[in-house]
Amino acid sequence: MSAFDRLADASRHPVSRRRMLGALAGAAAFGAAWPLGRSAGAALLAGRIKQSVCLWCYNGYLTKKKMSLDDFAAACAKLGLKSIELVGPDQWPTLKKHGLVCAMSPSPDNNIPKGLNRVAHHEKCLAGIRKAIDAAADAGFPNVICFSGNREGMDDQEGLANCVVALKKIAPYAEKKKITVCLEFLNSIDHKDYMADSTKWCVELVHRVGSPRVKVLYDIYHAAMMKEDPLADIQKHHECWGHYHTGGYPGRNEIDDTQKLDYRKLMQAIAESGYQGYVGQEFVPKRPDALKSLEQAVAICDV
């Protein structure tokens with residue numbers, strides 16, 4: 001199946017990032033251009049938070065509207081976004097055309113269930129991370145994603161130790177290339193049995209690896225799903241978080257007053273921590289006009 005076919009297949013089924021990650025080699029065009037006027041300038045934002053958006057969340061919307069990646073990127077730039085993330089290198093020229101980066105780059109052969117918590121996966125996963133580091137460094141992009149993997153009966157401390165071993169191996173190369181490798185915090189309800197599902201585990205990972213280029217992708221929605229306290233954990237452990245993702249809790253939809261998290265307060269805490277990276281909007285729009293939902297989210301997070 002071609003990259004385009006994999007992406008199209010993901011569009012025909014309920015949206016999930018797990019499926020979308022499998023299609024990330026995806027084609028740069030989804031169909032006819034969306035008639036967005038490009039003459040208007042980008043929105044003027046306060047800019048304390050550099051905002052990004054995850055492409056997979058809009059896959060169904062783009063297909064329905066027959067909107068190309070080129071026009072989606074133009075719309076994102078107009079809204080004041082700085083990045084579209086979790087897209088493959090073949091799509092990066094389109095991002096760059098609109099002054100955007102890919103703030104979180106995928107890494108080949110790294111997937112949610114089979115990650116770094118098993119030594120048997122290290123060679124393949126680390127080769128993919130190294131390849132992604134090279135591509136991101138060449139493009140001038142900041143981060144590469146990876147995953148702990150599922151427990152499958154493994155003790156959390158054993159899995160933590162194995163992840164530390166793997167990340168210590170790649171850390172010197174990441175430091176040399178000035179790329180941050182981010183292992184993602186996911187809840188183990190949506191992603192059943194996923195190991196890196198607690199603040200405590202993730203913080204210990206970062207401290208034990210001890211590299212400025214190995215951090216955690218702190219997903220606020222996933223943390224809330226695990227009954228963590230995102231505001232307190234941003235304030236207390238911000239040095240461990242290399243990247244942030246949003247998502248309405250519960251439901252993973254719009255981040256407005258239809259859900260329980262105060263995203264404006266969370267963004268203020270991130271800004272006050274001195275964070276210089278990106279915050280990726282990773283909610284799945286529930287409303288018909290997904291771009292209006294994205295515009296609203298950008299305004300909420302512009303502190």
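The values are calculated or read from the model by the stated rules, or taken from the named source; none is laboratory data. Fair warning: this is a prediction, and the values are worked out from it, not measured in the lab. Reconstructed Cβ throughout: ideal geometry from the backbone, glycine too, with neighbour counts over all protein chains shown. The protein model used for the area step is the full one, side chains on, heavy atoms only, and it has no ligands, DNA or RNA in it. Shrake-Rupley method; radii C 1.70, N 1.55, O 1.52, S 1.80 Å.
Below is a table of values for the structure above.
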| item | result |
| --- | --- |
| Along the chain, longest interval not containing exposed trypsin sites (Lys or Arg not before Pro), exposed being DSSP loop plus at most 10 other Cβ atoms within 10 Å | 13-191 |
| 12 Å beta-carbon shell around Ile179, net charge (K/R +1, D/E -1) | +4 |
| Net charge of neighbours whose Cβ lies under 11 Å from the Cβ of Val214, counting Lys and Arg as +1 and Asp and Glu as -1 | +4 |
| Tyr194, Tyr173, ranked by accessible area, largest first (probe 1.4 Å) | Tyr173, Tyr194 |
| Whole-percent carbon and sulfur share, accessible surface of the chain, 1.4 Å | 53 |
| Accessible-area ranking of His238, His122, largest first, probe 1.4 Å | His238, His122 |
| Binned Cα-Cα distances of the stretch 41-83, short to long, each 5 Å bin given as a whole percent | 5, 22, 29, 21, 14, 7, 2 |
| Equivalent ellipsoid semi-axes - Cα gyration tensor, the chain, angstrom | 28, 22, 19 |
| Projected-area average for the stretch 214-303 over all orientations - Cα convex hull basis, square nanometres | 5.4 |
| Degrees separating the helix 156-177 axis from the principal Cα axis of the chain, which is the longest one | 60 |
| Share, in percent, of DSSP beta bridges within the chain that are antiparallel, nearest 5 | 5 |
| Degrees between helix 122-139 axis and first principal axis of the chain (Cα, 0 to 90, nearest 10) | 40 |
| Heavy-atom SASA rank of Val298, Val119 (probe 1.4 Å, accessible area, largest first) | Val119, Val298 |
| For Lys50, distant residues with modelled amide H under 5 Å away | Val279 |
| Share of Cα-Cα pairs in the stretch 175-233 lying beyond 17 Å, as whole percent | 39 |
